[in-house]
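Working notes, beginning with the structure itself.
Laboratory data are not the source of any read-out in this text; all were calculated from the coordinates shown. Computed from a predicted model, the values in this text were never measured in an experiment. Quick reminder, even Gly has a Cβ in these numbers, built from the backbone with ideal geometry, and neighbours come from all protein chains shown.
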Amino acid sequence: MTATASDARAILDRHLAAVLERGVDPSSFGREARLREDMGLTSLESVSLLMALEEELEVEIRDEEIASLKLLGDLVDLLAAKLAPELAESQSKRPDSRSPA
């Protein structure tokens, strides 16, 4: 099982709602929404958002990855890519219910 863009988007929307604190529904923004111009994320809000995502998801978002984030879809795709290996690893550690005991 791998993380999907919708998994990443759900996690992101929850954190965006907390960071924006303007009564804005993050799910109303499409993938093409620009983080600063359309969504109005300030530099401080962006840092707060990324730190919260790193902490909850236990991933590291590198500076060069941050620099490439312009659109909401960019961030969703990055999170999905970061989550996919974690989910795949946790699935591989589960005992296979089809294996003989």
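General observations
- Projecting the Cα positions of GLY73, LEU83, VAL24 onto the charge dipole of the stretch 5-88 (unit charges on Cβ atoms of Lys, Arg, Asp and Glu, taken about the Cα centre) puts VAL24 furthest along the positive direction.
- Here the contact order of the stretch 5-88, divided by its residue count and restricted to Cα pairs under 8 Å and six or more residues apart, works out to 41 percent.
- Residue-wise HN-Hα coupling along the stretch 63-79, computed from phi with Karplus coefficients 6.51, -1.76, 1.60 (Hz; x: Gly, Pro): 4, 5, 6, 4, 4, 8, 7, 10, 10, 4, x, 4, 5, 4, 5, 4, 5
- Counted by Cβ distance under 11 Å from GLY73, the other residues give a net charge of +1, where Lys and Arg count +1 and Asp and Glu count -1.
- Remark: C-alpha extents of the stretch 1-55 on the principal axes read 35, 24, 18 Å, sorted largest to smallest.
- Length available on full extension from ALA52 to LYS70: 0.36 nm per residue minus the Cα-Cα distance, which gives 4.6 nm.
- Point-to-point label distance, GLU60-LEU44, nm (Cα→Cβ direction, 7 Å offset): 2.8
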